[in-house]
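So the structure is just underneath, and the comments pick up after that.
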Amino acid sequence: MDTTTIVVVIAVAVIGAVVVVTLVLRGRAGSPSLPGGSPTAGVGRGQGSLGASLRQVLGSGVGEQTWADLEEAMLAADVGVDASAAIVRSVRSARPETAEQAREQLARQLRLELGAEARELHLVGDPSVILVVGVNGTGKTTTIAKLAARLEGEGKKVILAAADTFRAAAGAQLQTWGDRLGVDVVGGQEGGDPASVAFDAISSARAKGVDVVIVDTAGRLHAKKNLMAEMSKIHRVAAGTRGAVDEVLLVLDATAGQNGITQVREFSEAVPVSGIVLTKLDGTAKGGIVIAIERQLGVPVKLVGVGEGIDDLVPFDPDRFVDELLEG
Ligand code: GDP
């Protein structure tokens, strides 16, 4: 080899290496961070999981009893009556002959069920406003902190509005998170008007050039009428200051099962829920509630909580969810 050839070979090798490294880094930056390597933290694993039941149901091949057993397994995994029946019907109508074919058909059907929804947060306002609603104890405050950390990580500036003025502890808890994350928290007097807290936070965000306002709200379901009137007012005021609210996220506890459906219905009567954050998915072997919610109510699950840590909020990934649900 002469010197020119050696120089060309080295140059090609160096350029190749740079291209490979760039592609790898880009791939990393583009993919959502998935703590623990799993978006659902083992939703399909363990006793009582759909995956485990499925192994039993399909263990002896496909026969007449398979369909009743499959429907029962789906009900036990919180998929819900209508969705379970419809999904089993469509799997059956494909006439799978082997357990593997039935499993594949089921996976295909579940993906279809979850396929059509837009799951990105739609944040276009200046500032954008995210109203977070849900029953106390579902993980609302923790979710707000996780979401703030996530958005700040994307380079957005965030303000939190402590509009649950009913419980002093709620404001204090949000303030603690704010201090920890270095994010401003706008609060109000205990017993004060929650809508005015939201209004103040949005005004403050506008004055300071903040990108996103996340509004925490009360979740005392036993005072349902008042609560719902309060939610509507916060939404109206928040939307009124700038035309619209970007997202109304309802926080649901995955371990609450079918109760979640009722909560979506009730909150939807007061505010236009645009997405679900399903928390504590790490604490249940079921998770079929995702399918029940989307099929019955048409509200997309946008984010899932998979632990108590600040990074444990991830975008909902239907393909991986179905894989894990059926894995067992
Ligand atoms: P809030 O009353 O709805 O505001 O609920 P909190 O945010 O105070 O959360 C209630 C409890 O649930 C706390 O102990 C949280 O750490 C816990 N929590 C919240 N989200 C998750 C989650 O995704 N997984 C687990 N395992 N725990 C969670």
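Values in this text are rule-based calculations from the coordinates and carry no lab data. This one's a predicted model, so the numbers in the text were calculated from it and none came from an experiment. Glycine gets a Cβ as well: all are built from the backbone with ideal geometry, and neighbour counts include every protein chain shown.
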**Asked** What is the set of long-range amide H partners of residue 258 at a cut-off below 5 Å, with H atoms built 1.01 Å from backbone N?
**Response** none
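Under the classification rounded if a/c is under 1.5, otherwise prolate if a/b is larger than b/c and oblate if not, where does the range 164-205 fall, given a ≥ b ≥ c as square roots of the Cα gyration tensor eigenvalues?
On the way: a/c = 3.43, a/b = 1.15, b/c = 2.98.
Because a/c hits 1.5 or more and a/b fails to exceed b/c, the range 164-205 counts as oblate.
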**From phi via Karplus (6.51, -1.76, 1.60), per-residue ³J(HN,Hα) for the range 111-122 in Hz, x at Gly/Pro** = 5, 4, 4, 9, x, 8, 7, 8, 10, 5, 6, 9
**Asked** Excluding same-chain residues fewer than 8 positions from residue 146, which lysines have a Cα within less than 18 Å of its Cα?
**Response** 156, 157, 280, 302
**Request:** Calculate, in nm to one decimal, what residue 136 and residue 236 gain on full extension: separation in residues at 0.36 nm each, minus their alpha carbon distance.
**Result:** 33.8 nm
**Prompt:** By the gyration tensor of its Cα atoms, with a ≥ b ≥ c the square roots of the eigenvalues, what is the shape of the range 189-328: rounded for a/c under 1.5, prolate for a/b over b/c, or oblate?
**Reply:** prolate
**Request:** Net charge near residue 230: determine it from the other residues with C-beta under 15 Å of the C-beta of residue 230, scoring Lys and Arg +1 and Asp and Glu -1.
**Result:** +1
**Complete:** Once residue 308 and residue 97 are pulled to full extension, the length gained, defined as 0.36 nm per residue separation minus their Cα-Cα distance, is 71.6 nm
**Asked** How much length is gained if the chain between residue 208 and residue 90 is pulled fully straight, taking 0.36 nm per residue apart and subtracting their Cα-Cα distance, in nm to one decimal?
**Response** 37.1 nm
**Message:** Cβ neighbours within 10 Å, averaged per peptide: list 132-141, 225-234 in order, most packed at the top.
**Reply:** 132-141, 225-234
**For residue 70, net neighbour charge (Lys/Arg +1, Asp/Glu -1) across residues whose Cβ lies under 13 Å away** = 0
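At 37 °C and 0.692 mPa s, what whole-number value in µm²/s does Stokes-Einstein give for the translational diffusion of the range 46-114, with Rh from the Kirkwood sum over Cα pairs?
On the way: Rh = 11.8 Å.
The calculation lands on 279 µm²/s.
Please report Rg over Rh for the range 194-276, where both radii come from the alpha carbon positions and Rh follows the Kirkwood definition.
Value, to two decimals: 1.00.
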**Asked** Expressed as a whole number of Å, what is the distance separating the alpha-carbon centroids of the range 227-288 and the range 73-146?
**Response** 15
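Among rounded, prolate and oblate, which fits the range 253-312 when a ≥ b ≥ c are the square roots of the eigenvalues of its C-alpha gyration tensor, a/c under 1.5 means rounded, and a/b larger than b/c means prolate? Please report the intermediate quantities before stating the final value.
Numbers: a/c = 2.03, a/b = 1.51, b/c = 1.35.
Because a/c hits 1.5 or more and a/b exceeds b/c, the range 253-312 counts as prolate.
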**Item:** Calculated FRET efficiency for the pair residue 122/residue 76, C-beta based, R₀ 35 Å, to 0.05
**Value:** 0.50
**Complete:** Expressed as a whole-number percentage, the relative contact order of the range 227-283 with C-alpha contacts under 8 angstrom and at least six residues apart is 43
